[in-house]
Structure formats: C-alpha cells, structure tokens
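Read the structure below first, then the notes.
The values are calculated or read from the model by the stated rules, or taken from the named source; none is laboratory data. This one's a predicted model, so the numbers in the text were calculated from it and none came from an experiment. Note: ideal-geometry Cβ built from the backbone for every residue, glycine included; neighbour counts use all protein chains shown. Quick note on the areas: whole protein, heavy atoms, side chains included, nothing else; ligands and nucleic acids left out. Shrake-Rupley method; radii C 1.70, N 1.55, O 1.52, S 1.80 Å.
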Amino acid sequence: MKIKLGMQPMNLAQAAAYCGGELYDFTGSAGVEFSYICTDSREADKDTMFVAIRGERVDGHDYIGQVIAAGCRCILCEYVPHDICAQTVGAAVVEDSVAAFCQLAKNYRIEKFGENDPMKTVAITGSVGKTTTKEMVAAVLRRELNLYAAQGNFNSEIGMPMSLMQAGAHHRAAVLEMGMSALGEISRMSRTAQPSVAMITNVGSSHLEYLGTRENIAKAKLEVADGLRHGGYLLLNADEPLLADQYAEGRRTIYIGIENPNADVRAENIRTTADGCTLFDLHTKHDVRTDIKVPAPGRHMVMAAMFAAVTGKIFHLTDSQIRAGILDYTGMPMRQQIETVGDVVLMCDCYNASPESMRAALQTFGELQIKGRRIAVLGDMLELGETTEQLHAQVGAEAAEKLDVLITTGELGAHIAKGARNTGCEIYAYTGEQAKEQAAAQLCAMLCKGDALLLKASRGVRLEQVYERVKDHLTK
C-alpha cells in the first residue's frame, strides 16, 4: 500500500513530532523530505517513508534492510535493527506503529490548517454496505463540492489514515470508510478523521468470531461518533434495534429507515422499474420528495441513497443536485454487478458475504424481471464464530424460497445446502478443491436463455472465478 501526500511533502523530523515518536537521526536524514508513504517494502524508494507494521503473519521490521537497499531514508518503526545504524537512514521510533500512524495523519492536516480545517469529513461504517454507501454519498457531494473519496475500500487503521493524507489542501470534503475487527479500532480512526458527519449503515453478524455478540459489534460501530466534531451529525439506521435508541452527546442524531415509522427520514412506495432501477418516495417530518431514482435494484440501495440525500442536505445541496448525484452512482466491481450475457442475467456479488448481505442480495435477485429460472451459487461466509453452521443453514432455508436451483461451494457452503433441503429447490453441493470448477461446469451445462444467475460468497472464496468462466462460456 503506497500513497502520495496530498499536501506539502514532509521530513522525518516533522513526522516524528506529528506522531510523538523518538527521532533517531544517524546520518543527517531528519531533514530529508519525502512525498510518499508505503507499508509494502517492495514499494519503498528514496522519496518514500516506510511504515513498519507488525502483522499476524509478516513483520515489516524484518524488511527494513530491504527498503534501505532500495534507497529509502525515512522509516517509522517500533524498534531499529542494530545492523542499520551505520546506514544513511533515519527513523521515528514509536511504541505502536499503527496508532502512531493515525496520529501522524491527524496532525499532518492540523499542522497545515490548525483547528479550522476547511475540509469536512464524512465517516461511514457498518457491517454491510459501507463501500456502496460511500460511493453513493460521494456521487451526491461531488455535484457541488471539491471532493476527495478514497478509491477501493481503504477502511483499516492503516488504509483510512492513508486516505486522509492523500486529500489535498484544495479539497473541501472527504468521504472515508471505516472497518474493524476489534473494539477500539473505529474509535482511533474517528478521532483521526474528526468527521463532521458520521453514519452507521447497519449492525450485522460479520466479526462475531472476534466480538462474540451483535451487541459488541454495535458498540464497536458506535465508536464512529468518538471523534465527531461538536455540532456534527450522527446518522443511524433506525430499522436496526441496536441503533434505534442510540445518540451522541452534543451532536445531532438523525434516524433513517424503511420499516421504522418513527424514523426522522423514511422511504416509502419502493418499486423496481423495468430497466432495473429503483424508485422511492423520501419522507421527512417536514416534506415528501417523490420518485427519487436509484440506478440499481434493491432496498439496500434505497438505504444508501437516503444516507446520501441526508448528507447532501447537511452540506447545503439542493434537491435537484441530490437527485442528480444519486443518478450519478456507479457500483463497484463484484458488488451486485448486474449484466446480461447471451440472454442470461448475471449478478456477481463476490466481494464479501455475511448473512445480512446474503439476504439483501437474494431479495434484490428475486426482484429482477426475468423469464426463466433463478439460479444461485452461494459459498462460505467467514468470521461468523460459533454460530457459523446455524447461520449458513438459515441462509439456505431463506434462499430456497427465492430460487429454482441452488448450487453451493465449500465446506461451510454445504450447510447452506443442508438448510435448503426438503424445500422443492433443486440443489447441488460441491466441496473440496474442485468445488468451484464443478460448480462452473454444472452452470455451463444447465444455463438457458432467460435464466438469471447470482454468485455470492465471502472474498476469500474467490467465487468471481466461477463468474468469469460462465461469462466466457456464454459469449462463445
């Protein structure tokens, strides 16, 4: 991971001061400027500061010698290997590289603007739909503001600060995504970004393996308000009981929902158009805006559009600018990517999966207007903890109600198939190393004109390989 600093270059002495590190200047490198920062030793060079991160499998400190050989002269690390002390290099030594890097990102902008930073940030978290909501909010704000929005999902304690440091002095808004796997991570990111608007899209089952309960997941997500500026806005999904009565002291809370009649902002009259778009009416306590069009199918897209519309209003955009911005939305690859190939509708949603996102994908898939069968390939959902088998079986039972044919891959996917038994749905379950190849072969043999195919699994399954093989078959 490597980024270019969005504002002025930095030198090692400044970096050490910003992150509270101890400066080790062996050969006069403290004043040497760098314009890039990286965490991958293969991307280091003389213009780049290397941040050494201790990971579960790899320790960046083991590669410090390699980055010095590549010409790198500035390092952020937790200790300095003895064999580099005579090298032409300097280091900012800290107790925790990740925490220090967050502090570095925060103070990089404070040094430039003080507490009057003209760039307002939007922080987005949630178990499902973070990236979709980020792209929808960005599409709206981009209509009027000079906006920075991170490419991809730079949403970790390293990726999010890197996104913040890429923003330039000319940017007036930034949309940032925040993910987590443990308590405290989102809090540190929020305090780094100091958002004007923070939002939680939902609370799901992802990370049960690490956090144990949905209540703990909700607690972790609510940390997004920890760095919220005084007078800022906290936007919450009112349809989620774990969020419906939460608020942030000294901040304005807005509840957004579809099912909850007490929500401040609600969607009603949701319908899918013949061209695969979604229309809805947006109700607030003061007015109604009818026929807002989202260029994608699914109720979850309506939620993303509502979060974007409310954010647009907070940033003083007009109704026409908000509507046009929502229409500008384009989906990310492998996230409910829908196309028609050889008269077969393909819906590729292979970027990630949880029970909640599985249900959302199946609901959207069931709303597609098709003439043939609904066929789905569903695979493993990861990081669900002790309830893994039960949650997979529940998804299988619900999937069978919406499908004509269910194909599963993987050892956990087999529990999806088990949950779908005795439902009348045609089922094929493949496990082992050849599971994806067998699923692809089955699809190539059975798909007919008018059919629709959904592919959904956690990212580690790489189910897009099945999608590519099927697409190739249909284009021959």
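Per-structure values
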{"quantity": "Residue, modelled with the lowest pLDDT, within segment 253-270, restricted to residues that are touching a helix residue (DSSP H, G or I) at 6+ places or on another chain (Cβ under 9 Å) and open to solvent by 40 Å² or more (accessible area, probe 1.4 Å)", "calculated": "I270"}
{"quantity": "Hits in segment 271-288 - residues which are surrounded by fewer than 19 Cβ atoms within 10 Å (Cβ to Cβ) and either aromatic (F, W, Y) or at positive phi (or both)", "calculated": "G276"}
{"quantity": "Qualifying residue in segment 306-328 (condition: touching a Gly at 6+ places or on another chain (Cβ under 9 Å), closer than 21 Å to L368 by Cβ and among the polar types (S, T, N, Q))", "calculated": "no"}
{"quantity": "In segment 342-373, residue surrounded by the most Cβ atoms within 10 Å (Cβ to Cβ) [restricted to those that are among the basic types (K, R) and farther than 14 Å from H392 by Cα]", "calculated": "R373"}
{"quantity": "Unmet criterion (only one of (1) crowded, with 16+ Cβ neighbours inside 10 Å; (2) in a strand (DSSP E or B)) for A248", "calculated": "(2)"}
{"quantity": "Matching option when the condition is crowded, with 23+ Cβ neighbours inside 10 Å and touching a Gly at 6+ places or on another chain (Cβ under 9 Å), among A397, A376, A393, A439", "calculated": "A439"}
{"quantity": "Residue match in segment 451-472 (condition: in a helix (DSSP H, G or I), more than 16 Å from P355 (Cα to Cα), open to solvent by 20 Å² or more (accessible area, probe 1.4 Å) and touching a Leu at 6+ places or on another chain (Cβ under 7 Å))", "calculated": "yes"}
{"quantity": "Options A138, A238: the member that is touching a Gly at 6+ places or on another chain (Cβ under 6 Å), open to solvent by less than 10 Å² (accessible area, probe 1.4 Å) and without any contact (Cβ under 8 Å) to a residue 60 or more places away in the chain", "calculated": "A238"}
{"quantity": "Residue satisfying condition, being assigned to a helix (DSSP H, G or I) and either modelled with pLDDT under 95 or of a type in the set (G, A, S) (or both), within set A139, A91, A169, A123", "calculated": "A139"}
{"quantity": "Considering residues of segment 33-57 that are surrounded by 19 or more Cβ atoms within 10 Å (Cβ to Cβ) and in a loop (DSSP other than H, G, I, E, B) only, the residue farthest from the chain's Cα centre (by Cα)", "calculated": "A44"}
{"quantity": "Filtered residues of segment 58-88 (kept if under 17 Å from L23 (Cα atoms), open to solvent by 10 Å² or more (accessible area, probe 1.4 Å) and assigned to a loop (DSSP other than H, G, I, E, B))", "calculated": "R73, E78, Y79, V80, P81, C85, A86, Q87, T88"}
{"quantity": "Qualifying residue in segment 432-444 (condition: assigned to a loop (DSSP other than H, G, I, E, B), closer than 20 Å to Q336 by Cβ and not acidic (D, E))", "calculated": "no"}
{"quantity": "Selection count, segment 263-297, where residues are touching a strand residue (DSSP E or B) at 6+ places or on another chain (Cβ under 7 Å) and either closer than 26 Å to Y233 by Cα or in a strand (DSSP E or B) (or both)", "calculated": "24"}
{"quantity": "In segment 310-330, residue modelled with the lowest pLDDT [restricted to those that are open to solvent by less than 50 Å² (accessible area, probe 1.4 Å) and within 19 Å of the chain's Cα centre (by Cα)]", "calculated": "Y329"}
{"quantity": "Conditions (1) in a loop (DSSP other than H, G, I, E, B); (2) surrounded by 22 or more Cβ atoms within 10 Å (Cβ to Cβ); (3) among the charged types (D, E, K, R); number of the one not met by E115", "calculated": "(2)"}
{"quantity": "Residue within segment 42-49 that is touching a residue at least 40 places away in the same chain (Cβ under 8 Å), farther than 24 Å from Q166 by Cα and out of contact with any Cys (no Cβ under 8 Å at 6 or more places or on another chain) present", "calculated": "no"}
{"quantity": "Count - residues of segment 94-112 that are touching a residue at least 12 places away in the same chain (Cβ under 8 Å), assigned to a helix (DSSP H, G or I) and open to solvent by 30 Å² or more (accessible area, probe 1.4 Å)", "calculated": "7"}
{"quantity": "Residue match in segment 194-207 (condition: part of a helix (DSSP H, G or I) and buried (at least 22 other Cβ atoms within 10 Å of the Cβ))", "calculated": "no"}
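Yes or no, residue by residue, for (1) in contact with a helix residue (DSSP H, G or I) (Cβ under 9 Å, 6 or more places away or on another chain); (2) touching a residue at least 24 places away in the same chain (Cβ under 8 Å); (3) within 20 Å of M162 (Cβ to Cβ):
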{"position": "M10", "(1), (2), (3)": "yes, yes, yes"}
{"position": "E22", "(1), (2), (3)": "yes, yes, no"}
{"position": "T39", "(1), (2), (3)": "yes, yes, yes"}
{"position": "E78", "(1), (2), (3)": "yes, yes, yes"}
{"position": "H82", "(1), (2), (3)": "no, no, no"}
